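What follows is one structure encoded as structure tokens, with my remarks underneath.
The values are calculated or read from the model by the stated rules, or taken from the named source; none is laboratory data. Because the structure is a prediction, the values reported are computed rather than measured. In this analysis, Cβ positions are derived from the backbone assuming ideal geometry, glycine residues included, and neighbour counts consider all displayed protein chains.
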Amino acid sequence: MAEIVAAMAMTHSPGLTGWFARGLEDDQRQVLGACAEMRHRLEAARPDVLVMVSNDHLLNWPINNVPEYTVGIGAEHVGPADWFDEWLGMEKYRVRGHPELARWIVNEGARRRLALAWLREMQFDDGISVPTHYLNPDGRYRLVPVTMNCTVPPIPTPGRAYEVGGVLRDTLRAYPGADRIAIVATGGLSHEPGGPRYFWVDEEFDTWFLDLLKQGDHARLLRECTLERMEAAGSGGTAELLAWILALAFTRGPADVLAYMPALAWRSGTGMVVWDGLTP
């Protein structure tokens, strides 16, 4: 059976690659140090594959037909999508997929009453590309991308994201292969991409949310971190934290917050988190 060996989360702001040098020097040092620590912990956990949970910025699906969750089942993943490579300041990258595991997620998920869309060729913007740049730059880990809708109503509630995380956790553990799997959630923290608050970060919300993760009280986080609270902290962007809440279902105990900065230069509250405790 497969084994879950790591769970972590990070911001995927395009500024982290596209205009990184505009950030404060201390912010740059924090990002590089935190991501180096995340890579170190991945190396120690020895995963074979990263199941990366992000959001689709209306890149793969039209606005009138956005699935709740989509799995990329390709044997190879290529990014960034053409329009995004210059914006993200990145060369094209190629990462091996894991079609057997990806198809298992779709099929076994259906048996467990979780309907998932799938794509053989999934396009990537910052949601997958930025974490790949920092955590899997040499493509050593295979990739199964899982994207979610956090933009087009009806948006899944935090409770629903946590529920999906639990189904995904059990589905992965039931996989008959001997793969070691790391969960990487990407998105957030507070930001409002392209909106009137584009040059604003809700530092109070960010520190409150991260403090809840540090406490490790899942019930309290699900009770207090509502969609309305996220919307107030940045429309169309802060709800990306639903990916972190999905990953929370793989964990127990407090999160280790490696870094946080209210990085106006990158247009996003920026943070990196690792969980040491995984659900048994």
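Scan the stretch 116-161 residue by residue and report those that are under 24 Å from LEU32 (Cβ atoms) and hydroxyl-bearing (Ser, Thr, Tyr). Within the stretch 116-161, SER129, THR132, TYR134, TYR141 qualify. Answer yes if at least one residue in the stretch 84-101 is over 16 Å from SER129 (Cα atoms) and free of Cβ contacts under 8 Å to residues at least 12 places away in the same chain, and no otherwise. Within the stretch 84-101, not a single residue is over 16 Å from SER129 (Cα atoms) and free of Cβ contacts under 8 Å to residues at least 12 places away in the same chain.
Scanning the stretch 231-245 for residues that are touching a residue at least 60 places away in the same chain (Cβ under 8 Å), surrounded by 24 or more Cβ atoms within 10 Å (Cβ to Cβ) and not aromatic (Phe, Trp, Tyr) yields ALA239, GLU240, LEU242, ALA243, ILE245. In the stretch 197-223, the residues that are assigned to a helix (DSSP H, G or I) form Cβ pairs under 9 Å with partners that are of a type in the set (Val, Ile, Thr) and surrounded by fewer than 19 Cβ atoms within 10 Å (Cβ to Cβ), at six or more places apart or across chains, as follows: LEU210/VAL257; ASP211/VAL257; LEU213/VAL257; LYS214/VAL257; LEU222/THR157. Restricting ALA178, ALA185 to residues that are in a loop (DSSP other than H, G, I, E, B) and either at pLDDT 95 or above or under 19 Å from GLY127 (Cβ atoms) (or both) narrows the list to ALA178. In the set ILE155, ILE181, only one residue is aliphatic (A, V, I, L, M), touching a Pro at 6+ places or on another chain (Cβ under 7 Å) and farther than 19 Å from ASP256 by Cβ; that residue is ILE181. Which of the strands (runs of 3 or more DSSP E) found entirely inside the stretch 1-96 contain at least 2 residues meeting this: crowded, with 18+ Cβ neighbours inside 10 Å and touching a Lys or Arg at 6+ places or on another chain (Cβ under 9 Å)? Once the strands (runs of 3 or more DSSP E) in the stretch 1-96 are filtered for at least 2 residues that are crowded, with 18+ Cβ neighbours inside 10 Å and touching a Lys or Arg at 6+ places or on another chain (Cβ under 9 Å), what remains is 3-10, 49-55, 69-72, 76-79. Report whether or not THR171 is closer than 22 Å to VAL5 by Cα, of a type in the set (S, T, N, Q) and touching a residue at least 60 places away in the same chain (Cβ under 8 Å). So THR171 fits the description; yes. Would the stretch 102-110 turn up any residue that is of a type outside the set (Lys, Arg) and either farther than 22 Å from ALA243 by Cα or not in a helix (DSSP H, G or I) (or both)? Within the stretch 102-110, none of the residues are of a type outside the set (Lys, Arg) and either farther than 22 Å from ALA243 by Cα or not in a helix (DSSP H, G or I) (or both).
Against the conditions (1) basic (Lys, Arg); (2) touching a helix residue (DSSP H, G or I) at 6+ places or on another chain (Cβ under 9 Å); (3) more than 23 Å from TRP275 (Cβ to Cβ), ARG103 satisfies every one except (2).
Contact annotation: residue pairs with Cβ atoms under 9 Å, 6 or more positions apart or on different chains, pairing a residue in the stretch 43-60 that is under 17 Å from ILE105 (Cα atoms) with a partner that is modelled with pLDDT of 95 or more and of a type in the set (Phe, Trp, Tyr), are ASP48/TYR141; VAL49/TYR141; LEU50/TYR141; VAL53/TYR69; VAL53/TRP244; SER54/PHE124.
Candidates are the residues of the stretch 177-196 that are surrounded by fewer than 18 Cβ atoms within 10 Å (Cβ to Cβ) and more than 22 Å from GLY166 (Cα to Cα); the one that is farthest from the chain's Cα centre (by Cα) is PRO196.
Would a scan of the stretch 6-14 turn up a residue that is farther than 22 Å from PHE209 by Cα, of a type outside the set (Gly, Ala, Ser) and at pLDDT 95 or above? Checked the stretch 6-14: no residue is farther than 22 Å from PHE209 by Cα, of a type outside the set (Gly, Ala, Ser) and at pLDDT 95 or above.
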